[in-house]
1. Heads up, I need the accessible area for Lys91: 1.4 angstrom probe, whole protein in place, Å², nearest 10.
2. With every protein chain present, what accessible area does Ile66 have (1.4 Å probe, heavy atoms only), rounded to the nearest 10 Å²?
3. Which whole-Hz couplings ³J(HN,Hα) result when phi for each residue of segment 117-131 is put into the Karplus expression 6.51 cos²θ - 1.76 cosθ + 1.60, θ = phi - 60°, listed in order with x for Gly and Pro?
4. Taking 0.36 nm per residue of separation and subtracting the Cα-Cα distance, what length does fully extending Lys62 through Val92 add?
5. Could you tell me what percent of the accessible area of segment 1-91 is made up of carbon and sulfur, with a 1.4 Å probe and every protein chain present?
6. Residues with amide H under 5 Å of Ser79's amide H, sequence separation 5 or more or different chain, H placed in the peptide plane at 1.01 Å from N; which?
7. So what's Rg/Rh here for segment 1-98, counting alpha carbon atoms and using the Kirkwood radius for Rh?
8. Sequence-distant or interchain residues sharing an amide H contact under 5 Å with Gly30, placed H: which?
Amino acid sequence: MKSGRISVQVTTEPIPLDVISEWPAPNAHGAMNVFMGLVRDLNLGKEVIAIEYDCFVPLCEKTFQIIAQEAQEKWGLDSDILIIHRHGHIKVGEPSVLVLATSKHRDESYRITRYVIEEIKVRAPIWKKEFYKDGETNWVRGHALCQHRKVDHHETRGSHTCGGQVHTHGPR
């Protein structure tokens, strides 16, 4: 079995959306799944106008590589995985992260992208500062403190684990 590709990148440049159509899936792969995170305009009741990510790029990219390898080990060593994460100032509506996976079947590609983004949120050394419409700014608490990670990625109906307690984050 041929080993799959892993490509990881932290960039200050906008994420090029054409990378989605240009990422060649091997002929043996019948599925491609893409997750793209966007900067939203509201967080915890405050109007957001932009965010700023700060990170130590070499350690961040190493963490992405490890997470991608774990995903391949779980759902297919021949799966291809691309991770691009922004660094620096990003406006509302702009992509901040892209996770792309190709695999033989759709279930694996869905599971890979879900796993990768959830693990990035809790393990990557990335800090986020929000800029608000009222002129204030705030460094957002790290997700390691409140993991926002689904307890089981497929069977918990939106429950999360923060401080070891399973709960929801408000109405759905």
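The values are calculated or read from the model by the stated rules, or taken from the named source; none is laboratory data. The structure presented is a predicted model; accordingly, all values stated were derived computationally and were not measured. Ligands, DNA and RNA are stripped out before the accessible areas are found, and what is left, the full protein with its side chains, is counted by its heavy atoms. Shrake-Rupley method; radii C 1.70, N 1.55, O 1.52, S 1.80 Å.
1. 120
2. 70
3. 5, 5, 6, 4, 4, 9, 10, 6, x, 10, 10, 10, 10, 9, 10
4. Numbers: separation 30, 0.36 × 30 = 10.80 nm, distance 2.75 nm.
Extra length from Lys62 to Val92 when fully extended: 8.1 nm.
5. 54
6. So Ser79 has HN proximity to Gly4.
7. Numbers: Rg = 15.3 Å, Rh = 14.9 Å.
The Rg/Rh ratio comes out at 1.02.
8. Amide H to amide H, under 5 Å and 5 or more residues apart or across chains, Gly30 pairs with Ser103, Lys104, His105.
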